[in-house]
Amino acid sequence: MHTALRFLTRIGGGALGWLQAWGRLLTFGARALVETFTPAVYNSATRSVVLKQIYFTAWQILPGFLLFAALLSYVIIQIVVTTARDFGLSEFALEVSVRVVVLETLPLLTVLFVALRSGAAINTEVALMNINNEIRALEDVGVDPMRFEFTPRVIGGAISVYALTLLSCILALILAYIAVYGFQPWSLSDFSRVIAKIFTPTAFLTLTVKSLLFGLAVTLIPIRAGLEAPRMLFFAPIAVLRGMVRLFFVIMFIEVASLALVYM
């Protein structure tokens, strides 16, 4: 009886802690969004942090990321086109390629790429700032860390993910046209007709919102996880691991929700 009670108490405590952690994350995200739309936030100091975040998150990785995205996109497009031709469904090859690569694969690839490179770095940096009492020092001198440190990173991260997604999708559309029509310019009218059929207002809005949510998640969750790190140095890797697991869960949730919205 006592063993069962201890087990239920442990399960209940774990569930409560899990809910509290997600509640703190949602509260932190709501505050960051409010700060984002506050004009007073945008001064020279915060703009500098935003630009630095965009530089380290998007600009530094741009050539390598676009090269990888182009290679992956072209391989997937060729597989889809070849398979469609083998089954006598060539007229659907372009539409299927664009739906698979542009609407689904590239946004997910972009956020995973940024999460592995920048999300973990942001998580580690904030955790070390918290452990070394740098955040408390900022508060002691009257500097709001949310306004001058965290919100600019969130803004820069969202812009970076959206920009990388947009560039990779444009590149994939060019590759899809080449794979299906070759280098003949007189097929642009057919290409435009198919693209207009795919990118309905709902599909375009879903892609935009999904990319922005990915960008918010890839900065908000690592920052919040870093702030929750106990002030002992050996807890920093644990905070990073927890943050990345939460980030992966949220990314998959957003992806599944967008698929359900578009195709169900």
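Points to keep in mind about this one:
- Within the range 127-153, residues that are farther than 16 Å from ALA239 by Cα reach partners that are surrounded by 13 or more Cβ atoms within 10 Å (Cβ to Cβ) and of a type in the set (Lys, Arg) with beta carbons closer than 8 Å, at six or more positions or on different chains, in the pairs MET146/ARG31; PRO152/ARG47.
- Scanning the range 190-210 for residues that are charged (D, E, K, R) and either out of contact with any helix residue (DSSP H, G or I) (no Cβ under 6 Å at 6 or more places or on another chain) or free of Cβ contacts under 8 Å to residues at least 40 places away in the same chain (or both) returns ASP190, ARG193, LYS197.
- The set of residues from the range 190-225 being buried (at least 19 other Cβ atoms within 10 Å of the Cβ), out of contact with any Lys or Arg (no Cβ under 6 Å at 6 or more places or on another chain) and among the hydroxyl-bearing types (Ser, Thr, Tyr) comprises just one member, SER211.
- Condition check for ALA115: touching a Phe, Trp or Tyr at 6+ places or on another chain (Cβ under 8 Å) and touching a residue at least 12 places away in the same chain (Cβ under 8 Å): yes
- Only one of the numbered conditions (1) modelled with pLDDT of 85 or more; (2) hydroxyl-bearing (Ser, Thr, Tyr); (3) buried (at least 16 other Cβ atoms within 10 Å of the Cβ) is not met by THR46, and that is (1).
- Hey, ILE77 surrounded by 13 or more Cβ atoms within 10 Å (Cβ to Cβ), under 24 Å from the mean Cα position of the chain (by Cα) and within 16 Å of LEU109 (Cβ to Cβ) or not: yes
- Cβ-Cβ under 6 Å pairs, at least 6 apart or on other chains, the range 174-189 side surrounded by 10 or more Cβ atoms within 10 Å (Cβ to Cβ), far side part of a helix (DSSP H, G or I) and at pLDDT below 80: TYR181/SER187
- Counted residues, the range 232-258 - those being at pLDDT 85 or above and of a type in the set (A, V, I, L, M, F, W, C): 12
- Given (1) closer than 16 Å to ALA32 by Cβ; (2) at pLDDT 85 or above; (3) aliphatic (A, V, I, L, M), index of the condition ILE135 fails: (2)
- On the stretch given as the range 147-173, residues that are farther than 30 Å from PHE92 by Cα, hydrophobic (A, V, I, L, M, F, W, C) and surrounded by fewer than 19 Cβ atoms within 10 Å (Cβ to Cβ) total 2.
The values are calculated or read from the model by the stated rules, or taken from the named source; none is laboratory data. Here the structure is a predicted model, which is why all the values come from computation and not from measurement. For neighbour counting, all protein chains shown are included, and Cβ atoms are generated from backbone atoms with ideal geometry for every residue, glycine included.
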